Amino acid sequence: MKIAIGLPAYNEEKNIGKIISELQELDYSVIVCNDGSSDQTGKIAEKMGAIVINHHKNMGYGAGIKSLFEKAKEMNYDILITFDADGQHNISDIKDILKPLITNNADIVIGSRFLGEGEDKIPKYRKFGIKAITKISSLSQDLNIKDTQSGFRGYNKKALDEINPTENGMGISTEILMKASKKGLKTIEIPIIINYDGNTSTHNPASHGISVVLSTMKFTALDHPLKFYGIPGLVFLIIGLFFIVWTLHEFSIHRTIITNIALIAAGSTILGTIFLLTSIILYSMVSLIREQK
Ligand SMILES: Nc1nc2c(ncn2[C@@H]2O[C@H](COP(=O)(O)OP(=O)(O)O)[C@@H](O)[C@H]2O)c(=O)[nH]1
Ligand SMILES: [Mg+2]
């Protein structure tokens, strides 16, 4: 069985050398996606004999994962493990992620920070953030996964072939799980322990959160356009109608138009119409595209 460890890396010259050498000692193939780093990350990885994909500019965590997926498929690996290049993940946990994939008990294995004793090691504010993001990403689909944002994951060939991720940002972690759930792939979580010493985060938690919320909304809208845009559209139209009737009523009695009420009537009707049209257009487009596939 061909196994690759994929490291998404952005300015990780401090840690990447040590991680690659430890992985190589265990005979793993290492693929590094050097995502437009301004430091020596790419040079170090190449020198050490890792397979290196260089992005000419920084494109984001998701773009890095996409490149790792593509490389693993192109080189015919049976399993791809994604592993952070900042030293937060423990190499000794890799064998636990591999086991269910090798024995064919899962298509995707997530190293979860919220199972077992790992949870106590996470700083409080990070824990709150990760849990909030996980809640949001579970809202639209019944993912039932405790740590949707973990970057320590294993994918078998089936998962690599059937999931086609598109997000360039942090939203990719949720996107992959949503797509896996739709395709009926089996995803399981196993406990891991994360190190939180030193500088362990490139992006601030707020931008991470916003990126996940936006991409969850996007994929939910594409999945259920009628519900996502149609229902708010109808609500706005009903509100609009109510205010139109009110405006007419006032006019018939006092012969004046009350500006505020008339404005709400017009605004709500316009918004409702836009939402409804969007839902219908999007629904037709998505149906057409699905048919073509
Ligand atoms: N390809 C790519 N990798 C990134 C980017 N930002 C961070 N990473 C890598 O993704 C991994 C996790 O990033 P990190 O910022 O530590 O995330 P956190 O620990 O979840 O806050 C590390 O290996 C980083 O080098 C990026 O813009 N592009
Ligand atoms: Mg980190």
Mind checking which of 29, 137, 207 has the largest fluctuation in a GNM of the chain, springs on alpha carbons under 10 Å? 207
Which order do the peptides 145-151, 14-20 come out in when sorted by mean C-beta neighbours inside 10 angstrom, highest first? 145-151, 14-20
Skipping prolines and chain starts, which residues have an amide H placed within reach, meaning under 5 Å, of the one on residue 52, given they are 5 or more residues away or on another chain? 32
When DSSP assigns beta bridges and you keep just the ones with both residues in the range 52-200, what percent turn out antiparallel, to the nearest 5? 60 percent
Just how many % of Cα pairs in the range 91-169 lie over 13 Å apart, if you round to the nearest whole percent? 73 percent
Where nothing but the Cβ of Lys and Arg (+1) and of Asp and Glu (-1) is charged, how large is the charge dipole of the chain around its Cα centre, in debye to the nearest 20? 640 debye
For the chain, modelled as a GNM with alpha-carbon contacts under 10 angstrom, which of 279, 38, 268 fluctuates the most? 268
List the pair-distance distribution P(r) of the range 181-249, using every Cα-Cα distance, as the percent of pairs falling in each 5 Å bin from 0 up to the bin containing the longest distance, rounded to whole percents. 3, 10, 9, 11, 14, 14, 10, 8, 7, 5, 4, 3, 2, 0
State the dimensionless ratio Rg/Rh of the range 53-196 (Rg: radius of gyration of Cα atoms; Rh: Kirkwood radius). 0.94
Given the options 121, 95, 158, state which has the largest fluctuation in a GNM of the chain using a 10 Å cut-off (strictly under) for Cα springs. 95
I need the phi-derived Karplus couplings for the range 148-159: 6.51 cos²θ - 1.76 cosθ + 1.60, θ = phi - 60°, integer Hz, Gly and Pro marked x. 6, 9, 5, x, 9, 9, x, 10, 8, 4, 4, 5
Given 221, 174, 53, which one lies farthest toward the positive end of the charge dipole of the chain, if we put +1 on the Cβ of every Lys and Arg and -1 on the Cβ of every Asp and Glu? 221
What are the semi-axes of the equivalent ellipsoid of the chain, taken as the square roots of 5 times the eigenvalues of the Cα gyration tensor, listed largest first and rounded to whole Å? 46, 20, 18
Over 23 Å between Cα atoms: which of 66/227; 43/66; 43/157; 95/186; 2/293 fall into that group? 66/227; 43/157; 2/293
Output the peptides 104-110, 61-67 sorted from most to least packed, where packing is the average of other Cβ atoms within 10 Å over each peptide's residues. 61-67, 104-110
Could you tell me what percent of the DSSP beta bridges with both partners in the chain are antiparallel, to the nearest 5? 25 percent
Which order do peptides 83-89, 208-214 fall in by mean Cβ count within 10 Å, highest first? 83-89, 208-214
Give the Rg/Rh ratio for the range 225-292, taking Rg as the radius of gyration of the Cα atoms and Rh as the Kirkwood radius, to two decimals. 1.24
On full extension of the chain, what length is gained from residue 73 through residue 56, given 0.36 nm per residue of separation minus the C-alpha to C-alpha distance? 4.0 nm
Rg and Dmax in Å for the range 153-293, alpha carbons only: what are they? 23.0, 73
Once both label points are put 7 Å beyond Cα along the C-beta direction, the residue 252-residue 183 separation in nm becomes 5.9 nm
Under 19 Å from a label point 7 Å along Cα→Cβ of residue 207: give me every residue in the range 42-66 with its amide N that close. 55-66
Collect residues whose amide H, placed 1.01 Å from N in the peptide plane, falls under 5 Å from the amide H of residue 112; neighbours closer than 5 in sequence don't count. 190, 192
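Values in this text are rule-based calculations from the coordinates and carry no lab data. Fair warning: this is a prediction, and the values are worked out from it, not measured in the lab. With ideal geometry, Cβ positions are generated from the backbone for all residues, glycine too; neighbour counts draw on all protein chains shown.
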